[in-house]
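What follows is a short report on a single structure.
The values are calculated or read from the model by the stated rules, or taken from the named source; none is laboratory data. Source: prediction; values computed, not measured. Virtual Cβ from ideal backbone geometry, glycine too; neighbours counted across all protein chains shown.
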Amino acid sequence: MPIGIFDSGLGGLCALKELHRILPDADLVYFGDTGRTPYGTRSPETIMKYAAQDARFLLSRNVRAILIACGTVSTVALNALKISLPVPVYGVVSAASREAAASTKNGKIGVMGTGATISSGVFEHELKLINGSLTVTSVACPLLVPVVEYGFADDEIAYLSVKRYLQPIIDADADTVILGCTHFPILIKMLKKAAPHINFVDSGAAAAREIAAAFPDNDGSGAVHCCVSDTPASFNKTANVFLGEEIDFDVERVEIEKY
Ligand code: DGL
């Protein structure tokens, strides 16, 4: 049985890539809600509704577990999905928080995410549960998702945006930053340029390592099936930005409102 992965759009492809690398024999089904992205600017009620539909679609494909490769859904809807779904569900918060808490030297951690993620306070809560003495500086970065989705990750616009958003984190002397939105690892070059002394934790990749450790035995063929709610053509155009290579995955369009 495959492992299901979903994101509001294409950011979760970084997690898919990491999972495919660690478990090359696992069959994977990816759903990117390209027709309704972004989620990060929406209300918790809407995010919950969309996330439940995304998960129900993956269940219809007989997945054995679900990775929510989206910071926004992980922070707003993880608990509700864990309670209501019949398969194990993983989000990006716990694995990334553990990696960040283990890597910081000075106990000062930054979190970058969408507006919905930062408003939820979930990363901060999780970090404090791991170690109550950590200092956490959280910054909502709403401009970064469109910068990535529209292909400006290597542009000066990206550099100026990440520099501006990193400033309060640099001022707070954080040595470790959680990229709490799965789109942000695409900006790693610019993030490193703006703050070379900071260790950036990729939350999607951390979660992929967590689910891979929980499901090490796979007897699939390593098939990767991608599904989107907008046209497959737009997926193909943008997917390479996330995967860092030309892909030739089978891409299917899904009527997500039916689920
Ligand atoms: N990939 C989503 C996340 O990790 C960001 C995009 C969105 O706002 O939908 O939060």
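Taking the stated definitions as given, is residue 174 over 17 Å from residue 93 (Cβ atoms) and outside any helix (DSSP H, G or I)? Steps first, please.
Numbers: over 17 Å from residue 93 (Cβ atoms): yes; outside any helix (DSSP H, G or I): yes.
Here the answer is yes, as residue 174 does meet what is asked.
Assuming residue 10 fulfils every condition listed in (1) buried (at least 24 other Cβ atoms within 10 Å of the Cβ); (2) within 16 Å of the ligand (Cβ to nearest atom); (3) modelled with pLDDT of 95 or more apart from one, which condition is it?
Answer for residue 10: the failing condition is (3).
Could you please let me know if residue 237 is away from the ligand (no atom under 16 Å from the Cβ), in a helix (DSSP H, G or I), closer than 30 Å to residue 25 by Cα and among the basic types (Lys, Arg)? Steps first, please.
On the way: away from the ligand (no atom under 16 Å from the Cβ): yes; in a helix (DSSP H, G or I): yes; closer than 30 Å to residue 25 by Cα: yes; among the basic types (Lys, Arg): yes.
Considered against the rule, which asks whether it is away from the ligand (no atom under 16 Å from the Cβ), in a helix (DSSP H, G or I), closer than 30 Å to residue 25 by Cα and among the basic types (Lys, Arg), residue 237 comes out as yes.
In the stretch 18-47, which residue that is touching a strand residue (DSSP E or B) at 6+ places or on another chain (Cβ under 7 Å) and β-branched (Val, Ile, Thr) is nearest to the ligand (Cβ to nearest atom)?
Here the answer is 34.
Take the residues in the stretch 46-88 that are among the β-branched types (Val, Ile, Thr) and within 14 Å of the chain's Cα centre (by Cα); name whichever of them is farthest from residue 113 (Cα to Cα).
Step one: filter the stretch 46-88 for residues among the β-branched types (Val, Ile, Thr), giving 46-47, 63, 66, 68, 72-73, 75-76, 83, 87.
Still in the list and also within 14 Å of the chain's Cα centre (by Cα): 66, 68, 72-73, 75-76.
Values: 66: 21, 68: 15, 72: 8, 73: 11, 75: 10, 76: 12 Å.
That would be 66.
If residue 145 satisfies all but one of (1) within 16 Å of the ligand (Cβ to nearest atom); (2) outside any helix (DSSP H, G or I); (3) modelled with pLDDT under 95, what's the number of the condition it fails?
(2)
Among 174, 195, which is the only one that is buried (at least 20 other Cβ atoms within 10 Å of the Cβ), within 19 Å of residue 118 (Cβ to Cβ) and out of contact with any helix residue (DSSP H, G or I) (no Cβ under 6 Å at 6 or more places or on another chain)?
Working: 195 fails: out of contact with any helix residue (DSSP H, G or I) (no Cβ under 6 Å at 6 or more places or on another chain).
Sole residue among the options that is buried (at least 20 other Cβ atoms within 10 Å of the Cβ), within 19 Å of residue 118 (Cβ to Cβ) and out of contact with any helix residue (DSSP H, G or I) (no Cβ under 6 Å at 6 or more places or on another chain): 174.
Does residue 113 satisfy the criteria of being buried (at least 24 other Cβ atoms within 10 Å of the Cβ) and within 16 Å of the ligand (Cβ to nearest atom)?
On the way: buried (at least 24 other Cβ atoms within 10 Å of the Cβ): yes; within 16 Å of the ligand (Cβ to nearest atom): yes.
Criteria met by residue 113.
Would you confirm, using the coordinates I've provided, whether residue 94 is within 20 Å of residue 168 (Cα to Cα) and touching a residue at least 12 places away in the same chain (Cβ under 8 Å)? Reasoning before the result, please.
Values: within 20 Å of residue 168 (Cα to Cα): no; touching a residue at least 12 places away in the same chain (Cβ under 8 Å): yes.
When the stated conditions are applied, residue 94 does not pass them.
Can you work out which of the residues in the stretch 116-142 that are part of a strand (DSSP E or B) and away from the ligand (no atom under 15 Å from the Cβ) is surrounded by the fewest Cβ atoms within 10 Å (Cβ to Cβ)?
Of all residues in the stretch 116-142, those part of a strand (DSSP E or B) come to 135-140.
After this cut, where a residue has to be away from the ligand (no atom under 15 Å from the Cβ) as well, the list is 135-137.
Values: 135: 15, 136: 22, 137: 18.
Among those residues, the one meeting the criterion is 135.
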